[in-house]
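Single-structure report; data block below.
The values are calculated or read from the model by the stated rules, or taken from the named source; none is laboratory data. Source: prediction; values computed, not measured. Reconstructed Cβ throughout: ideal geometry from the backbone, glycine too, with neighbour counts over all protein chains shown.
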């Protein structure tokens, strides 16, 4: 199935529910996906764990989160409530790890 089409004024467009950026070893670096009808851009570390997440809330407002190496949420901006200063210790959203958690995937 060819999902490539010409978009007026922009050339070719490719359609998918998810685009995954990988390095030369096949490790996932980032993913652009559609989840529950909302776009999400997710950045991963070499172990396949989320380090940054950009998405929209159910009300279609920005939701931006950053995570430390231990998986704790260290910063969040949500247009519904602004910058959340009370996030110490929150864990990453429950999603499957990329690369099976193996930093040597490939």
State which residue pairs qualify: first residue at positive phi and buried (at least 16 other Cβ atoms within 10 Å of the Cβ) and inside region 25-49, second residue part of a strand (DSSP E or B) and modelled with pLDDT of 90 or more in any location, beta carbons under 7 Å apart, and separation of 6 or more residues or different chains. 48/28
Matching residues in region 50-68 - criterion: being outside any strand (DSSP E or B) and either touching a strand residue (DSSP E or B) at 6+ places or on another chain (Cβ under 9 Å) or without any contact (Cβ under 8 Å) to a residue 12 or more places away in the chain (or both): 57, 58, 60, 61, 68
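If I go through region 69-106 residue by residue, how many of them are more than 20 Å from residue 22 (Cα to Cα), more than 11 Å from the chain's Cα centre (by Cα) and either modelled with pLDDT under 85 or in a loop (DSSP other than H, G, I, E, B) (or both)? Walk me through how you get there before you give the answer.
Initially, region 69-106 is screened for residues more than 20 Å from residue 22 (Cα to Cα), giving 70-94.
Filter once more, so that each one left must be more than 11 Å from the chain's Cα centre (by Cα): 70-92, 94.
Okay, now just the ones that are also either modelled with pLDDT under 85 or in a loop (DSSP other than H, G, I, E, B) (or both), so 70-71, 78-92, 94.
Looking only at that region, the number is 18.
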